[in-house]
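Report on the following structure.
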Amino acid sequence: MTQVQFAVRRIAYILCAMEEPKIAAKNSIPVDVEEGKKYFFCSCGSSKNQPFCDGAHSGTEFSPIAFVAEKTGTAYFCQCKRSGKVPYCDGSHNSLECD
């Protein structure tokens, strides 16, 4: 086995071992935010306070994602935990398979 093949297998193993976040919902959630205020986005999907962290990730590899609101107003947050623009929704939930 070459070093490249070994590296590819190792990366594949690591990716398979990673936990997938729970899908909290298959839609965005509108939340009024304040400019300059720091928030902690739930990355595990288990928080009962979606889209924000309540510590439910304890004991997992997940941790909250801290961010500061850029402006005051309504922001649309991701709940499927698959967005490419976390913490904001990018519509990724539209491509998820139904349960």
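The values are calculated or read from the model by the stated rules, or taken from the named source; none is laboratory data. Please read these numbers as outputs of a predicted model, since none were measured by experiment. Cβ coordinates were reconstructed from backbone atoms using ideal geometry, including for glycine residues, and neighbour counts include every protein chain displayed.
Go through the range 81-99 and give me each residue that's over 14 Å from N27 (Cβ atoms) and either over 14 Å from the mean Cα position of the chain (by Cα) or modelled with pLDDT of 95 or more (or both).
Hits for the range 81-99 are P87, E97.
Would you pick out the residues in the range 42-81 that are aromatic (F, W, Y) and either assigned to a loop (DSSP other than H, G, I, E, B) or free of Cβ contacts under 8 Å to residues at least 40 places away in the same chain (or both)?
If the condition is that a residue be aromatic (F, W, Y) and either assigned to a loop (DSSP other than H, G, I, E, B) or free of Cβ contacts under 8 Å to residues at least 40 places away in the same chain (or both), then F52, F62, F67 are the ones that fit.
Among (1) outside any loop (DSSP other than H, G, I, E, B); (2) in contact with an Asp or Glu (Cβ under 8 Å, 6 or more places away or on another chain); (3) not hydrophobic (A, V, I, L, M, F, W, C), which single condition is Y39 missing?
Condition not satisfied by Y39: (2).
So, of the residues in the range 38-80 that are among the charged types (D, E, K, R), closer than 21 Å to E19 by Cα and modelled with pLDDT of 95 or more, which turns out to be surrounded by the fewest Cβ atoms within 10 Å (Cβ to Cβ)?
The selected residue is K48.
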